[in-house]
Every structure is written in C-alpha cells, then in structure tokens.
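Contents: one structure, followed by commentary.
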Amino acid sequence: MQKKEVVAMLLAGGQGSRLGILTKKLAKPAVPFGGKYRIIDFTLSNCSNSGIDSVGVLTQYRPLTLNAYIGIGSAWDLDRSGGGVSVLPPYVREQGGEWYKGTANAVYQNIDFIAQQNPEYVLILSGDHIYKMDYSKMLSYHKSKGAVATIAVIPVPWEETHRFGVMKADENGRIVEFQEKPKVAKSNLASMGVYIFNWKELRSYLEADEADPNSSNDFGKNIIPNMLEANEPMYAYAFKEYWKDVGTIDSLWEANMDLLRKDPELKLNDSKWKIFSLNQTLPPQLVGPGADVQGSLLSDGCLVLGKVHHSVVFTGAQIGEGAEVIDSVIMPGVQIGRGATVHKAIIGENTIVEPGAKIGVPAKPGENVEISNENGITVIEDNVCVPQSMRIVQGTVLSVAAWPEFPEEWIS
Amino acid sequence: MRDLLGIIDLAEPTEGLRELTVHRTLGAVPFGGRYRVIDFTLSNMVNAGIRNVGILLNDRFGPLLDHIKDGKEWDLNRQRDGMFLLPAPLRGDSGEGISSNLINLQHNRGYLEKSRQEYAVFSGCSMITNLDYRAAFNYHLEKQADITVIYNQTANLSANPPYTAVVTDEKGRVMDIALNPVQCTSRKVSLNMYIMRKDLLINLVDHYSARQKRDLFTDAIMPRLDELKIYGFEHTGYVGAINSLKSYYQHSMDLLKPEVWKDLFYTHGQINTKVKHEAPVRYLEGSKVSNSLIATGCTIEGTVENSILFRGVEVGPGVVIKDSIVMQKAKLGPGVSLRNVILDKDVTISEGKSLVGDPSFPLVINKLATV
C-alpha cells in the first residue's frame, strides 16, 4: 500500500449514554445535528478539508446507522484509491477477539491497519464534537516543534475545568502537566480529544499500555500521562474558534441554538470549508402561504405551513397549519400536525406529533414532573407518535421504554 | 429493467425559452430551486431500474456536462452499462452539433447495437414530471405493441404549443397523430416519449436517416401509423412542458402548490440532482416568507412571496421579492425590489433597484449580468 504521511483514526464507537433516548438505536456520532448533518460530518469534513485522505472510523456501539451513513465515504470526497475511509469494527483473531476496551485499546487493535499505510504521523479524533479545524495547520505546528505528541487545547471557563483533561503548558507551548478531570485545576486549557502522534513512538506506547494489566487503555488516563512521565516532547496546540462537546441533551440543544444567532460563531455556509453530509436530494423546502418563519434553520424537503421561531428543523420535516414550533430541534422526517405546539423540545427522527398535541407545556401547580436536564428541555424519542390529546410537560423525556403503558398504536 | 435502454434527446426546440437557453441546452436550464430540467427524465429512468442511458448531445451542452458529470448522482457511474454521452456529428466550422435526432442516432449507431438491452425508451427532456416508466414498459409488453407513446391529458399542455395530439381507440391504439392542430381533436398530448424494440429503433434510424429525414417522431414514426401497432399509455400525474418562457414561469410557480410539490418529488421515486453541500436555509429575525420554495444555502432577512429561490441567494433586510424566480448566487443590494422577474445565475442587482415584469411576460436578466 502507498505510504501516507498521516492517517486519521476517528473514535466513533461510544454510546453517548448521556444523550439518553437519542442514542438508543444509534451511536453518538450518528446523532443528527444542525438541520441536515450528523455529528460525525464535522470531523469527517475537517479531514477532507485538511487534505487528509486516509481515515479509519472505529465503530462498536450500534454501528448500523453509522455504517450505512458513511458508506464508501463519497459524500466527504473520501472514496479514494489507496486510502479513503475505512470503517473498523473489532474483529476476531487466532486467539479469539475482544471488544474495544478503551480509546487506546481501540487504536491498539488496529495497529495493523495503520502499519499497512506506514505513516509518519497518526491523528486521533473523536466523532462527537462540533467544530471546524484545519488539522494540516496543527500538523505543521507538531513538526515545527519536533514534538512526539501534540494535543489540541481550547480555553474553557475555570468552573468547567473539572469536566475536562486539563493541560498546563510553558511559554513555548510545551506541556508540563496534565490533569484528568481535576478538582482544582492548574490551567483552563482543556484537551479537545484531538491528538497528533509520531507513529513510531505511539506504537510502542500502545504496546506497552496493552501489556499493563492495570491500565484502563485510555488516551487521557494512560497514554498521555505515560508519555509525559517519560518526558517526551509534548506540545499544546491552542485552538480559539468554536468547539463544542455535544455529549448531553443540554449541550446538544445549546449547540443547535448557537447556530441561530445573527452572526453565529460556527458558520455552516462557508464555501471554503464546507461541511459535507450524505444528501437525500429532497426538493427545496416549501414555505406555505400562512407560514411564519423567524430566526431559524430549515433544510431540504421541509414543508412549513405553520409558525417556526428560533428552531432548527431538519431535512424532510413537516409543520402543519396553525402549528407552533419554538426554541426546538425538529429532527429529520418529523411530522407536526395542525395546531400542535412544540416548545423547547428535541423531537427524534420520524416521530409524528398528531394535530393539537402539546409538547413542552409548563407544569400545573402541584404537578409532579421529573426534570432531566438543566434547561428543562422536553425530549421525544424517534419513531413514535404523540397522540392528539397528549400534553407533555416541559422537561419530560418521553420514551417507549420509560412508559410502561405506552400504547402500541403510538409507535409509527 | 435490465432489458430497457434509455435514450434522452436534447434536440427539442428551445427558441421559446429565449435568454435561458442562449448559453445552455434545454436539459441544463435550472428549474425548481435546485434542479436542471434533465434531472426529471434522467431520474425517472433510473427510478424505473434503467441502468443504461444514452444522452444525445447537439450544442450548448457545456453546462449540461458540468451538471451530470459521470452520472454518479443518478447511480449511473457503472462498470457495465451506465451513462453514455452521444455527441452529434459537427456542422462545419461553427462547432455546433446537428440538431437532428435521426442523424445523431445514426452517428451513434454503434452504441445502440452494442447495448445488450432488447428494448429502448426514447425521450425528450422538456417534460417536468415524475413518471413510472416501468408501468409504461409493462403496458407495452402486454399490448404487444410495436411502439408505445406516453401521453397525458392535462389541459394546459395544449395551451402551450408546440405539442403533439394523439387520438386513441378504446383499446388504446393510436389512430391519429397531429402536430399543433388548430381544431384540437383530442386532449391527449404526447410527452415525446416512445418505447419500442431496439431493433425497430435501429431499422427506423437506418431507413429514414438514409433518406435525409431529421426527426424520429414526425419523420419516421408518424408516416408508419397505419403499418405499426402504436399504442398510447396514459401518465396521469402532473406534467409541465418547458417550451417557452411563459410555460417555464408557470410550471415553476406550480411548484408552490403543495400537491404539485408532492406529486413531482415524492410519487414514484426521488428526483436526483448534483449535490452542492449547501448549509440549511437561515431565516433571520424579521424575515417574511410566504408561499415560496427556498433552496439550501440561502439567507433571508427580507420579504419573499410567491417566489422560488435557488441555492445560495442572500435576501438582505429591506429586499422584497414577489412572484419571481431567483437563480443561484444572485447578489441583491439593500432595498432591491423584484416582481415577475426571472434572474438567471450569478446576477448582481445594485442597491435600491426595482425590476418589474408581467406574469405573461416575465422580465429575464441574463446570467452574470449586473443591473
């Protein structure tokens, strides 16, 4: 096989359990985002736009949607001879096989895949962040520093540092200390989960890590601290643009709402850095005579006859006459019937909201509601039908499983 | 449908479309916000399972090639069969191809012979419709017809000449064919789509091209009406014949009716087109949009009524677009007002300009023009 300068390994096997019912049937990277995309589109488009043409996508949890979506990578211009995109699930060897135990183990299990292409560098990415980043600039930085490892970092508010791996770097950018989810942080530079390693060194660290029975086989917990301890030259690459981890219902909703600002930080319609996605070639959206659309994003195939304010409406969704959608994320193929109202909600793919149903209404005094997220977002599972008479109180998470007497006919 | 070969003829007359076809063949005329006219015929063929499509090219086909590329969007970039471009022989110094489908088919006879399909469907590309060729083919086989002509009875077709009227008997056999009859004897209008055995097509081409005839239908099929078993297959869905600026404007506006939008884009399969990876449409606070078709990549802050916006159009604050068609990447200055206007691609309209046309005679602004 042709030698590659850099091979990207995209970790896409996580469940994203904090997204709850939205990831019941698909992996987090396959969750729809931004009106027509799925989360993984951002990372794959970054690869394509950065000129990286060999990408291994490591899958494990519920990979079917992701597999079908990625296909041979044509949508991202990654259907290339001698490289392109390769979907890499765990596989069986002579001595049996095992699931990916951690992020480092997932890459370890694919050492042969990387070795086939014999790259100088390996870029480790995760498929659950929303950002636009030119990895080629980071690679130039890595080379200019003579680093063995370069970690992309972004400043986060000090009060949130406990959620991240935090890097302390000297004035040259060399990392002097690393804290994984610290109680008291020494820096507010958080790791974005984007790493560049020299392949030769990474390989030996992965092998050593695998031989250690006490390791949790994780980049953040094991590989990075081990390298730091061995005094390898490791550098922090500061990224200052929009970056968001969309691992929770709150952050997923917020990141969608971020796109609705008049001058959003993350511009989707940048012709020099397009975000590619698998298109269904649906017709342009039809906005009917009585429609009222403000401060929103809408995609192909939408039919809007009602009111849509400050919302993200995905491909092929339909909003009936007199219906009202406010502060919401309406996923692909959702149908919202006449006169239904949807306030501050995320409605899962292909769900039907029957005419007159009310979603996200304030609780009545004394009504007992379990609010599952900070913003009080109502979440409706994919492929269900919310019947006419239904009134769903804000902050509720509606899923078939959590609803013992969920009638059969609600499932569309 | 391994057995059916598709041939798309781009040689239909385009004079009626004036400015829209100065630099492009009919098939490449932008339509419906994100499509080109040929997308409908091409997608209908592919949706019917046709895997071998030959496209007869004559002139001004540059934009068409840029659009269809290797046929990948229609799944026609195949190892076996797929999409074939069939250019006409050139007409002397001008470099233009001869616009005669008989001469073009004769010129590309080798393609017809080599194709392994037994039957062929020959189609023009001016009909905007979502049609099931599979049903038409089954009808053809069932009737044991020599030729099956696909027709439609939508009244507005005869209101927009040129058109071909057909008369059928109760069994569906075609008894009479007339071009633009003054006294309309039938509401059945040919969609310029014919199914026949490939051998018959080759025979007709050989015979009539050798006799200096030019058009497959009028010169080769019509004269054999008594001799061949010609049947009519009725397609009942929406049909828009794009043959004049008026009909182009009218059929574009028809897309604003949800029933037409659904019929055209969701009945027998989806209409594919070149994908451009534009972002979702951004509606800013204060935007007023009603009864309009909006393609991705647009940003809207002004007013859009009864109009069609193609990809990447920016409608700034104070801009008012009514009853108009605005093609890709138009740049509209602040305060621009448009009514009954068709803006071709990449047009720039400077601040405060007001352009007004008439529904029966929309004002067309040429591609790349600055007003």
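The values are calculated or read from the model by the stated rules, or taken from the named source; none is laboratory data. What you are looking at is a predicted structure, and each value in this text was computed from that prediction instead of being measured. A quick note on method: Cβ atoms are made from the backbone with ideal geometry, for glycine too, and the neighbour counts reach across all protein chains shown. The area values use the complete protein model at the heavy-atom level, side chains included, leaving out ligands, DNA and RNA. Shrake-Rupley method; radii C 1.70, N 1.55, O 1.52, S 1.80 Å.
One table, with the values for the structure above:
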{"quantity": "The one condition in (1) under 21 Å from B:E19 (Cβ atoms); (2) away from every other protein chain (no Cβ under 14 Å) that B:G352 fails to fulfil", "calculated": "(1)"}
{"quantity": "Region B:312-327 - residue that is part of a strand (DSSP E or B) and either open to solvent by 10 Å² or more (accessible area, probe 1.4 Å) or acidic (D, E) (or both) and, of those, farthest from the other protein chains (Cβ to nearest Cβ)", "calculated": "B:V320"}
{"quantity": "Residue list for region A:241-258, restricted to those being open to solvent by less than 10 Å² (accessible area, probe 1.4 Å) and closer than 23 Å to A:Q294 by Cβ", "calculated": "A:L252, A:A255, A:N256"}
{"quantity": "All positions within region A:369-381 that are open to solvent by 30 Å² or more (accessible area, probe 1.4 Å) and closer than 23 Å to A:R338 by Cβ", "calculated": "none"}
{"quantity": "In region A:114-137, the residues that are farther than 17 Å from A:Y205 by Cα and out of contact with any Lys or Arg (no Cβ under 6 Å at 6 or more places or on another chain)", "calculated": "A:Q116, A:L125, A:S126, A:G127, A:H129, A:Y131, A:K132, A:M133, A:D134, A:Y135, A:S136, A:K137"}
{"quantity": "Filtered residues of region B:300-311 (kept if in contact with a strand residue (DSSP E or B) (Cβ under 8 Å, 6 or more places away or on another chain), assigned to a loop (DSSP other than H, G, I, E, B) and over 21 Å from A:D263 (Cβ atoms))", "calculated": "B:N306, B:S307, B:F310"}
{"quantity": "Test: residue in region B:234-247 that is away from chain A (no Cβ under 14 Å), aromatic (F, W, Y) and in contact with a helix residue (DSSP H, G or I) (Cβ under 9 Å, 6 or more places away or on another chain)", "calculated": "no"}
{"quantity": "Test for B:R134: is it more than 16 Å from B:A11 (Cβ to Cβ), in a loop (DSSP other than H, G, I, E, B) and open to solvent by 70 Å² or more (accessible area, probe 1.4 Å)", "calculated": "no"}
{"quantity": "Given (1) within 13 Å of chain A (Cβ to nearest Cβ); (2) more than 30 Å from A:F42 (Cα to Cα); (3) part of a loop (DSSP other than H, G, I, E, B), number of the condition B:K276 does not satisfy", "calculated": "(2)"}
{"quantity": "Region B:15-42, subset touching a residue at least 40 places away in the same chain (Cβ under 8 Å) and assigned to a loop (DSSP other than H, G, I, E, B), residue nearest to the other protein chains (Cβ to nearest Cβ)", "calculated": "B:G33"}
{"quantity": "Number of the condition not met by A:G84 [criteria: (1) of a type outside the set (F, W, Y); (2) at pLDDT 95 or above; (3) open to solvent by less than 40 Å² (accessible area, probe 1.4 Å)]", "calculated": "(2)"}
{"quantity": "Matching entry among A:N279, A:N350 (being under 21 Å from the mean Cα position of the chain (by Cα) and within 12 Å of chain B (Cβ to nearest Cβ))", "calculated": "A:N279"}
{"quantity": "Close pairs (7 angstrom Cβ cut-off, 6 or more residues apart or separate chains): within 10 Å of chain B (Cβ to nearest Cβ) and touching a residue at least 60 places away in the same chain (Cβ under 8 Å) in region A:34-50, among the aromatic types (F, W, Y) and part of a helix (DSSP H, G or I) anywhere", "calculated": "A:S45/A:W76"}
{"quantity": "Which numbered condition A:L189 fails, given (1) open to solvent by less than 40 Å² (accessible area, probe 1.4 Å); (2) closer than 26 Å to A:D134 by Cβ", "calculated": "(1)"}
{"quantity": "Residue satisfying condition, being open to solvent by less than 40 Å² (accessible area, probe 1.4 Å) and modelled with pLDDT of 95 or more, within set B:Q117, B:Q144", "calculated": "B:Q117"}
{"quantity": "Residue that is farthest from the other protein chains (Cβ to nearest Cβ) [pool: residues in region B:279-311 that are small (G, A, S), open to solvent by less than 10 Å² (accessible area, probe 1.4 Å) and over 19 Å from B:G32 (Cβ atoms)]", "calculated": "B:G302"}
{"quantity": "Candidate set: region B:227-248, residues that are closer than 20 Å to B:V121 by Cβ and open to solvent by 40 Å² or more (accessible area, probe 1.4 Å); chosen: the one modelled with the lowest pLDDT", "calculated": "B:T236"}
{"quantity": "Residue among B:Q144, B:Q117, B:Q183 that is touching an Asp or Glu at 6+ places or on another chain (Cβ under 6 Å) and not β-branched (V, I, T)", "calculated": "B:Q117"}
{"quantity": "Any chance B:K188 is within 14 Å of chain A (Cβ to nearest Cβ) and either open to solvent by less than 20 Å² (accessible area, probe 1.4 Å) or more than 22 Å from B:T14 (Cα to Cα) (or both)", "calculated": "no"}
{"quantity": "Unique residue being open to solvent by less than 30 Å² (accessible area, probe 1.4 Å), within 30 Å of B:S252 (Cβ to Cβ) and more than 22 Å from the chain's Cα centre (by Cα) when the list is B:I202, B:I177, B:I150", "calculated": "B:I177"}
{"quantity": "Candidates A:V55, A:V31 - the one that is under 26 Å from A:L398 (Cα atoms), more than 14 Å from chain B (Cβ to nearest Cβ) and either touching a Gly at 6+ places or on another chain (Cβ under 9 Å) or crowded, with 21+ Cβ neighbours inside 10 Å (or both)", "calculated": "A:V31"}
{"quantity": "Filtered residues of region A:1-44 (kept if β-branched (V, I, T) and over 20 Å from A:V384 (Cα atoms))", "calculated": "A:V6, A:V7, A:I39, A:I40, A:T43"}
{"quantity": "Residue list for region B:62-79, filter: touching a Lys or Arg at 6+ places or on another chain (Cβ under 8 Å), open to solvent by 30 Å² or more (accessible area, probe 1.4 Å) and in a loop (DSSP other than H, G, I, E, B)", "calculated": "B:K69, B:R78"}
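Residues are listed down the side, and each one gets a yes or a no for (1) touching a helix residue (DSSP H, G or I) at 6+ places or on another chain (Cβ under 9 Å); (2) within 14 Å of chain B (Cβ to nearest Cβ):
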site	(1), (2)
A:T65	yes, no
A:L78	yes, yes
A:V87	yes, no
A:G97	no, no
A:A106	no, no
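Okay, residues lined up against (1) at pLDDT below 95; (2) closer than 23 Å to A:F197 by Cβ; (3) over 23 Å from the mean Cα position of the chain (by Cα):
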| position | (1), (2), (3) |
| --- | --- |
| A:A68 | yes, no, no |
| A:D77 | yes, no, no |
| A:Q95 | yes, no, yes |
| A:Y100 | yes, yes, no |
| A:N110 | no, yes, no |
| A:Q116 | yes, yes, yes |
| A:L125 | no, yes, no |
| A:L139 | no, yes, no |
| A:S144 | no, yes, yes |
